[in-house]
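What follows is calculated from the coordinates using simple rules that are stated; it is not laboratory data. It should be emphasised that the depicted structure is a prediction, and the values quoted were computed from it without experimental measurement. No Cβ is skipped: glycine too gets one built from the backbone with ideal geometry, and neighbour counts run over all protein chains shown.
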Amino acid sequence: MDRRETAALLAYIGRLDPRLIRTTEREAGDQLAQWHELLADVPLATPHGWDARVVARRHISVSPYQILPADIGRPWANYKRDRLNRHTDPTPSADPDDQAAWTNELVRHRRAVATGQTQPTEYRQLSSSHRTEAKVRAMPERLGSCIPTEVRAALAPWRTARAAHEAAVARGEIDVLAVDCEKCGASVGRPCRIRRIDPGGFPRGNKPIAQPHECRRDLATQKAQQTTTV
């Protein structure tokens, strides 16, 4: 704010808190110079949500202490930080090969957001409506899998356990991975594992196996039979 705006802010605050009023011209001039020096980078008001007079009135209404320039400057810093935290840089219209123009456009837009000249650009979030939730839940069933068939086939040599399980389910066999394994502790959806032992006889970790343990297969069969009976 310029000196005129700083003087207007001091006059407004003086009406709300007479303790800030200076009785001599010299004291008033020194006070104006001090406040202007500390608040020169703080605007009096912006088009989007900032007004130094509102901040001053709020402080005077809740605090027993006399207002200081920091009581205006600190909320302004918080205001800028909050807006930038909610902002996502849009793609600049400048040529990406012109690094200077690209950077300058980003800087100008961020400065406009931080100083309240324009609203932050935020990511759109999914609605909490039941209609949207139903569409999101049904999407995996409609798409089948997020991994394309050709990619799944290319990955099969490096994920033998998963490939064997998918092939068995495709043939109509029981989904063995639908239950936990009591022997190795593999959870639902995870392949069974065996412990790897080094030549010295010490364990070196676990290794997934293509064929699940028999106890897990039996448990999956029992569960499938119970579901069919019900």
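Odds and ends about this structure:
- Label of the coordinate-derived value, Rg and Dmax of the Cα atoms in Å, listed as (i) 20.9, 79; (ii) 33.5, 96; (iii) 21.1, 66: (ii)
- Chymotrypsin sites (Phe, Trp or Tyr not before Pro), loop per DSSP, at most 10 other Cβ atoms within 10 Å - longest free stretch of the chain: 124-230
- Taking amide H positions as modeled 1.01 Å from N, with prolines and chain starts lacking one, the residues under 5 Å from residue 206 and 5 or more places away or on another chain are 196.
- Estimated 222 nm signal from helices in the chain, with DSSP H stretches of n ≥ 4 weighted -39500 (n - 2.57), rounded to 500: -16500 deg cm²/dmol
- Whether the stretch 143-229 is rounded, prolate or oblate, judged on the alpha carbon gyration tensor where a/c under 1.5 counts as rounded: oblate
- Cut-off of 10 Å, at most 15 other beta carbons, DSSP loop: longest stretch of the chain lacking such trypsin sites (Lys or Arg not before Pro): 23-85
- Relative intensity of the stretch 3-85 on a log10 scale, I(q)/I(0) at q = 0.12, 0.27 Å⁻¹, equals -0.34, -1.53, per a Debye sum over C-alpha point scatterers of equal strength in the absence of solvent.
- Extended-chain gain in nm, criterion 0.36 nm per residue less alpha-carbon gap, residue 61 and residue 195: 41.4 nm
- Spin-label model distance (nm) - residue 8 vs residue 206, 7 Å beyond Cα toward Cβ: 7.0
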